[in-house]
Amino acid sequence: MNGSQKLFRILSERNIPFEYLEHPATPTIEIAGQYWTRSDTNYCKNLFFRNHKGNRHYLVILDCNRDMDIHAIEKQLHQGKLSFASEQRMMTFLGVSPGAVTPFGLINDEKHHIHVFLDKNLQKAERLSFHPCVNTASLIILKDDFIRFMDYTQNTYEWIELY
């Protein structure tokens, strides 16, 4: 069972509805924006980091229109020096390849190794959109259902004010 099939099964078992939209591969947020059609949805940027020692991993989820300076976020998160996680770490911890980083990949983090930081601005959203473990589709989900999904994963997460 691939990552998307596993995700769809989990969402179905938890009665979490979603809208699924196929599109060409979208490895960057700029390319993905060409396929966004809903004005009532917050499309999200997902960044996967590791700490300097490589023993802690963080997923930062923010509105796609927000810029993020890695040095500013290092100071804000108080997690020390951060760097983008390698392709190998993406596959190991999230089961995804570059360009497909998504919080839905947390279904593959069975030891709940990844801590998630969520942009507080997303609390105002009604709907959120993420890749469903591949970058050839987008999945739109109600924010409240997304929080139910996050609770299901048992990964720790917190809402933060990103500057």
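Highest GNM mean-square fluctuation among Asn108, Asn15, Asn46, for the chain modelled with Cα contacts below 10 Å: Asn15. Let me check against my output: what whole-number percent is the relative contact order of the chain, with C-alpha pairs under 8 Å and at least 6 apart? Once normalised by length, the contact order is 30 percent. Count Lys and Arg as plus one, Asp and Glu as minus one, and take only other residues whose Cβ is under 10 Å from that of Ser129; the net charge is then +1. By DSSP, the beta bridges lying fully in the chain are antiparallel in about 60 percent of cases. Distance between the C-alpha centres of the stretch 1-60 and the stretch 102-163: 8 Å, rounded to the whole angstrom. If R0 is 30 Å, the Cβ-Cβ spacing of Glu158 and Thr136 corresponds to a FRET efficiency of close to 0.45. Checked against a 19 Å cut-off, the cross-linked pairs Lys45/Lys111; Lys45/Lys81; Lys75/Lys124; Lys75/Lys111; Lys45/Lys120 give Cα-Cα distances beyond that limit for Lys45/Lys111; Lys45/Lys81; Lys75/Lys124; Lys75/Lys111.
Charge tally around Arg38: other residues with Cβ under 11 Å, Lys/Arg +1 each, Asp/Glu -1 each, net -2.
Karplus-based coupling profile of the stretch 44-51, in residue order and whole Hz: 10, 9, 10, 10, 10, 10, 10, 7, with θ = phi - 60° in 6.51 cos²θ - 1.76 cosθ + 1.60 and x standing for Gly or Pro.
Over the chain, dividing the summed -39,500 (n - 2.57) contributions of all DSSP H runs of at least 4 residues by the number of residues returns a 222 nm mean residue ellipticity of -5500 deg cm²/dmol. Judged by the ratio a/c of the largest to the smallest principal axis of the C-alpha gyration tensor, the stretch 42-135 counts as oblate, that ratio being 1.5 or greater while a/b is no larger than b/c. When Asp67, Asp40, Asp109, Asp151 are compared by accessible surface with a 1.4 Å probe, the order from highest to lowest is Asp67, Asp151, Asp40, Asp109. Along the stretch 7-20 the Karplus relation, 6.51 cos²θ - 1.76 cosθ + 1.60 evaluated at θ = phi - 60°, assigns HN-Hα couplings of 4, 4, 4, 4, 4, 5, 4, 9, 6, 9, x, 7, 10, 10 Hz to successive residues, with x for each Gly and Pro. Of the listed residues His71, His113, His52, the order by accessible area with a 1.4 Å probe, largest first, is His52, His71, His113.
The values are calculated or read from the model by the stated rules, or taken from the named source; none is laboratory data. These numbers were taken from a predicted model, which means no experiment stands behind them. Note: ideal-geometry Cβ built from the backbone for every residue, glycine included; neighbour counts use all protein chains shown. For the accessible areas, the whole protein counts, side chains as well, though only heavy atoms, and no ligand, DNA or RNA atoms are used. Shrake-Rupley method; radii C 1.70, N 1.55, O 1.52, S 1.80 Å.
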